[in-house]
Amino acid sequence: MSTFRTTRQLAAEPAAVFAAIKDPARLATWWGPDGFSNRFDVFEFRPGGKWVFSMIGPDGKVYPNESVFTEIEADRRVVIRHISQPHFRLTITLEPSSGGTLLRWEQAFDDASVARSIAHIVEPANEQNLDRLSTELGSGNASAA
């Protein structure tokens, strides 16, 4: 297995969810698992644009990250290619739903053995990431689907 998938029903319209992704100040508040903060150095939110940032763990350890936005469809889809280790492609899809937005989160790692070795970190971290997004959107009642 090299791909991790989760869905989340968010009590916000797709445009509002997209706004929380494209705004670097807002994104920095919710990106990553619980206890992490972010420092963005480069944030070029456009196809082919770079995203260079550091995630800072609760213990103060700094984790450098570099990605490229490969696809962006306003209010619908964002695809991010993580070009620092570990290599993966993250696809975030936003679908209108009766409750607001159904968000689909698909993280596909290039190397299945790497994915297997970090699954115990990635799976809860992705859920925590979406919990933090829900809080950012003011929709703490969002639920995993």
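The values are calculated or read from the model by the stated rules, or taken from the named source; none is laboratory data. This structure is a prediction, so every number in the text was calculated from the model and none was measured. Reconstructed Cβ throughout: ideal geometry from the backbone, glycine too, with neighbour counts over all protein chains shown.
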Original post:
Among the residues of segment 34-66, which ones are of a type in the set (Phe, Trp, Tyr), within 19 Å of Arg81 (Cα to Cα) and surrounded by 16 or more Cβ atoms within 10 Å (Cβ to Cβ)?
Top reply: Phe43, Trp51, Phe53
Original post:
Any chance segment 43-50 includes a residue that's farther than 28 Å from Ser98 by Cα and either part of a strand (DSSP E or B) or modelled with pLDDT under 95 (or both)?
Top reply: yes
Original post:
Restricted to segment 85-117, and to residues that are free of Cβ contacts under 8 Å to residues at least 12 places away in the same chain and outside any loop (DSSP other than H, G, I, E, B), which residue is nearest to the chain's Cα centre (by Cα)?
Top reply: Ser117
Subject >> Unmet criterion (only one of (1) more than 22 Å from Ala11 (Cα to Cα); (2) surrounded by 15 or more Cβ atoms within 10 Å (Cβ to Cβ); (3) over 12 Å from the mean Cα position of the chain (by Cα)) for Asp75 >> reply: (1)
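This table checks each residue for (1) loosely packed, with under 14 Cβ neighbours inside 10 Å; (2) of a type in the set (Asp, Glu); (3) modelled with pLDDT of 95 or more; (4) under 13 Å from Ala11 (Cβ atoms).
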{"residue": "Ile92", "(1), (2), (3), (4)": "no, no, yes, no"}
{"residue": "Ser98", "(1), (2), (3), (4)": "yes, no, no, yes"}
{"residue": "Glu106", "(1), (2), (3), (4)": "no, yes, yes, no"}
{"residue": "Arg116", "(1), (2), (3), (4)": "yes, no, no, no"}
{"residue": "Leu133", "(1), (2), (3), (4)": "no, no, yes, yes"}
{"residue": "Gly140", "(1), (2), (3), (4)": "yes, no, no, yes"}
{"residue": "Ala144", "(1), (2), (3), (4)": "yes, no, no, no"}
